[in-house]
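See below for the structure under consideration.
The values are calculated or read from the model by the stated rules, or taken from the named source; none is laboratory data. Computed from a predicted model, the values in this text were never measured in an experiment. No Cβ is skipped: glycine too gets one built from the backbone with ideal geometry, and neighbour counts run over all protein chains shown.
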Amino acid sequence: MPTPQHSGLGQPLDYRAPAPLPPGSLVRVPLGRRQVLGVVWETVTDSPDYPPEALKPVDSVLALAPLDAGWRALIRFAAAYYQRGLGEMAASALPGTLAQLDETQLARRLKRLPTEAGVGAVAAAPALQAGQQAAVERLSAQLHGQSPAQPVLLWGLTGSGKTEVYLHAAAQALALGRQVLVLVPEINLTPQLQARFAARFGAERVACLHSGLTPAQRLRDWLRAHSGQAELVLGTRLAVLASLPRLGLIVVDEEHDASFKAQDGARQSARDLAVWRAANLRIPIVLGSATPSLETWHNAQQGRYQRADLIERIGAAPLPKVRLVDLSNQPFPKGPGATPPPLVPQLLQAIEQRIARGEQSLLLLNRRGYAPVLHCGQCSWRSGCPHCSAWRVFHKSDRTLRCHHCGFTERVPTACPDCGNQDIAPIGRGTERLEEQLESLLPGARLARLDADTTKLAGSLEAQLARVHAGEVDVLVGTQMIAKGHDFRRVTLVAALNPDNLLYSSDFRAPERLFALLMQAGGRAGRAGALSEHPAEMWVQTHQPRHPLYQALQRHDFAAFAASQLEERQSAGLPPFAHLALLRADSRDEEGARDFLRAAAEAGRAVDPGEALFWYPPIPHPVPKVANQWRWQMLVECSQRAPLQRALAGWVPALHGLKRTHKSVTRWAIDVDPLAI
Ligand code: ADP
Ligand code: ZN
Ligand code: ZN
């Protein structure tokens, strides 16, 4: 008699079917009082362990091809690796609306798919340059089975022709009758890429999967991928779990980007799952980046991945000249409350020259809002959030104080809430204040701002970008949003105004991310090519111009930067030289989170008596309280993946048990391969 399992998201449940169903079949089954979508995981016939009268029957079988063995293996692996239920993993990969359609609706949707007319291919492929040719040949040899499948790191700057390599390799896969999966980090980048693939291959062959779609769109494109009708599937991280019965090639563009790692749910890395999926199917995968993640770079150094380098930027000017400005030598006002001007005089002058020549400048400031905190000089009151251990940010446009952690928003007080002082002042600078200061520093200049505040409304990002492309903007101010992917033709100056705060974060990946951000931002300059006879420039305002990171940036030397970082990581025993998992817990009171983790650590050591692992003591999260929840975390480390995986699998049941006895704990989660610790 099988033990019934009642966690619908855990292990498979048993049902009776009129006839054996092939594994992967999609079915509707009763669960409690509801009817839910199910995936047949395995079929058992005539077993004394499963008396038919003890099992509920399957309601109906969906008229769709079963999910294939490759997809099921991927889900099984992902669930096990990230310590989640099989059902939860499978459900996250399937469009929710699939369960709600009845037979006739489903049949109608499927019928509509081959009938949708496309515009057909219009763009011809350019002849490849030598570096591109070499990269395509490697992928081609793998596609044709002439060399064993092995990930290829395509290392090349923005504009070096990586996308063209993807397009050529995709053409070969399509010619073999295979499907191609292309992953990009951000929704914003999918329309650009979709347009390029559609122009080359015809829109009817392309499907898109990302979180910005309506449920109906997601269902349609999922069905097009699953039926094999869409041969090219472009998407963000959720697309890695799409059903692709003829998958022959995977592309991960900007593979280093943190967006590939989910920050909730199973916290899976789409990049890592893509690598696993390709290895399991023995198909090629290409990971593209100008600044690869240190994990990927290390894999290439070790010979586990192949590397193909694209040296030159095609049709573009050489790389921008990097100018490091030492802020400590500037004659700025000092003392409490004194906010130095946002730009050093030389930089201001350089921007004025650009404006006079009709060229554009990009200013990167990684902080939105007007000022990060308001301060009362009389009693030292600061604009803290009552629900979080964080300051509330002053937004001048709507005169609010907003918490960027929990969203708590109030009108800004006219006087100090504690002492009544009328003279409360903003400290520091965000993009909103920078824009205001530029209005007086650069009178008459046409300014625009790109950050989470100015792009909230649907279409506003596109509208702002269109203004920049049309040349209606002289200076664009923004957060890291401006560094990503946009092809700005007239930009000849990029400046990072205050990158040091990212350098000194407690997060061990902060330098890696900063280097990538600055390289990427620099890549926005000089795409203009022949537009200007003046070389493009990237300015960095810093207190640490001698820092190895900035020195490597000045030489555009990613390899040197990576080597120095890998050395540091090795001596500190950090990834990729160690494997980590992070247990986080939220609780209504601080002791609750702490005590839960202490008990968890004890339970952990009990499942790992061999001491292959290192169980760190629990510590508060860097922002310990958010929305009245106290957050604690603890790290588990191991030099090898397998013992860590085994220990985690043994640990999870104990954690479920502990949750029941620690009543104030509202949630807990394991983050395998966490990005930030
Ligand atoms: P990346 O993806 O590395 O940013 P792209 O593939 O977008 O680079 O190439 C940059 C620009 O150069 C694009 O406008 C592209 O059409 C063009 N390009 C790429 N490869 C070639 C080539 N072999 N011949 C001519 N133009 C090319
Ligand atoms: Zn006060
Ligand atoms: Zn808050």
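Per-residue answers, yes or no, for (1) polar (S, T, N, Q); (2) in contact (Cβ under 8 Å) with a residue 12 or more places away in the chain; (3) within 16 Å of ligand 1 (Cβ to nearest atom); (4) in contact with a Phe, Trp or Tyr (Cβ under 9 Å, 6 or more places away or on another chain):
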{"site": "Gln150", "(1), (2), (3), (4)": "yes, yes, no, yes"}
{"site": "Tyr166", "(1), (2), (3), (4)": "no, yes, yes, yes"}
{"site": "Val184", "(1), (2), (3), (4)": "no, yes, yes, no"}
{"site": "Asn188", "(1), (2), (3), (4)": "yes, yes, yes, no"}
{"site": "Pro191", "(1), (2), (3), (4)": "no, no, yes, no"}
{"site": "Arg200", "(1), (2), (3), (4)": "no, yes, yes, no"}
{"site": "Val206", "(1), (2), (3), (4)": "no, yes, no, yes"}
{"site": "Leu213", "(1), (2), (3), (4)": "no, no, no, no"}
{"site": "Ala216", "(1), (2), (3), (4)": "no, yes, no, no"}
### Query
Are there any pairs, at least 6 apart or on different chains, whose C-beta atoms fall under 6 Å, with the first in region 65-85 and on the phi > 0 side of the Ramachandran plot and the second in a helix (DSSP H, G or I), and if so, which?
Gln83/Leu648; Gln83/Val652
### Task
Return a yes/no flag: does region 273-282 have any residue that is outside any helix (DSSP H, G or I) and at pLDDT 95 or above.
yes
### Summary
When restricted to Ser397, Ser380, Ser389, Ser361, the only residue polar (S, T, N, Q), within 30 Å of Phe515 (Cα to Cα), more than 16 Å from ligand 1 (Cβ to nearest atom) and surrounded by fewer than 17 Cβ atoms within 10 Å (Cβ to Cβ) is Ser389
### Task
Tally the residues that are away from ligand 2 (no atom under 16 Å from the Cβ), within 25 Å of Pro624 (Cα to Cα) and in contact with a strand residue (DSSP E or B) (Cβ under 9 Å, 6 or more places away or on another chain), restricting the search to region 390-410.
12
### Task
Determine, yes or no, whether Asp264 is part of a loop (DSSP other than H, G, I, E, B) and closer than 21 Å to Ala91 by Cα.
yes
### Task
Test Arg646 against the criterion of being free of Cβ contacts under 8 Å to residues at least 12 places away in the same chain, touching an Asp or Glu at 6+ places or on another chain (Cβ under 9 Å) and within 30 Å of Gln302 (Cβ to Cβ), and give yes or no.
yes
### Subset of region 406-426 (residues that are surrounded by fewer than 17 Cβ atoms within 10 Å (Cβ to Cβ) and either touching a helix residue (DSSP H, G or I) at 6+ places or on another chain (Cβ under 9 Å) or under 20 Å from Thr479 (Cβ atoms) (or both))
Gly407, Thr409
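Per-residue answers, yes or no, for (1) exposed (fewer than 14 other Cβ atoms within 10 Å of the Cβ); (2) modelled with pLDDT of 95 or more; (3) in a helix (DSSP H, G or I); (4) polar (S, T, N, Q):
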site: Leu583; (1), (2), (3), (4): no, yes, no, no
site: Asp595; (1), (2), (3), (4): no, yes, yes, no
site: Ala600; (1), (2), (3), (4): no, yes, yes, no
site: Gly604; (1), (2), (3), (4): no, no, yes, no
site: Pro622; (1), (2), (3), (4): yes, no, no, no
site: Trp630; (1), (2), (3), (4): no, yes, no, no
site: Val636; (1), (2), (3), (4): no, yes, no, no
site: Leu655; (1), (2), (3), (4): no, yes, yes, no
site: Arg660; (1), (2), (3), (4): yes, no, yes, no
### Query
Do the conditions hold for Ala17, that is, is it modelled with pLDDT of 95 or more, surrounded by 12 or more Cβ atoms within 10 Å (Cβ to Cβ) and aliphatic (A, V, I, L, M)?
no
### Criterion violated by Gln229 - all others in (1) among the polar types (S, T, N, Q); (2) closer than 27 Å to Leu86 by Cβ; (3) assigned to a loop (DSSP other than H, G, I, E, B) satisfied
(2)
### Task
Go through region 290-320 and give me each residue that's surrounded by 22 or more Cβ atoms within 10 Å (Cβ to Cβ), of a type in the set (Gly, Ala, Ser) and not in a loop (DSSP other than H, G, I, E, B).
Ala308
### Message
Which numbered condition in (1) modelled with pLDDT of 95 or more; (2) within 25 Å of Val206 (Cβ to Cβ); (3) surrounded by fewer than 20 Cβ atoms within 10 Å (Cβ to Cβ); (4) among the aliphatic types (A, V, I, L, M) is the only one that Ile285 fails?
### Response
(3)
### Summary
Among (1) of a type in the set (A, V, I, L, M); (2) over 30 Å from the mean Cα position of the chain (by Cα); (3) closer than 26 Å to Leu343 by Cα; (4) more than 16 Å from ligand 3 (Cβ to nearest atom), Leu374 falls short only on (4)
### Query
Which residue pairs have Cβ atoms under 7 Å apart, sit 6 or more places apart or on different chains, and have a first residue in region 560-588 that is over 23 Å from Ser269 (Cα atoms) and a second that is part of a loop (DSSP other than H, G, I, E, B) and of a type outside the set (D, E, K, R)?
Ser587/Ser664; Arg588/Ser664
### Query
Which residues, counting only those in region 602-656, are among the β-branched types (Val, Ile, Thr) and more than 16 Å from ligand 3 (Cβ to nearest atom)?
Val607, Ile619, Val636, Val652
### Message
Being within 17 Å of Ala552 (Cβ to Cβ) and among the aliphatic types (A, V, I, L, M) is the filter here; which residues of region 495-523 pass it?
### Response
Ala496, Leu502, Leu503, Ala510, Leu514, Ala516, Leu517, Leu518, Met519, Ala521
### Query
Which condition number in (1) surrounded by fewer than 24 Cβ atoms within 10 Å (Cβ to Cβ); (2) part of a loop (DSSP other than H, G, I, E, B) is the one that Leu244 fails?
(1)
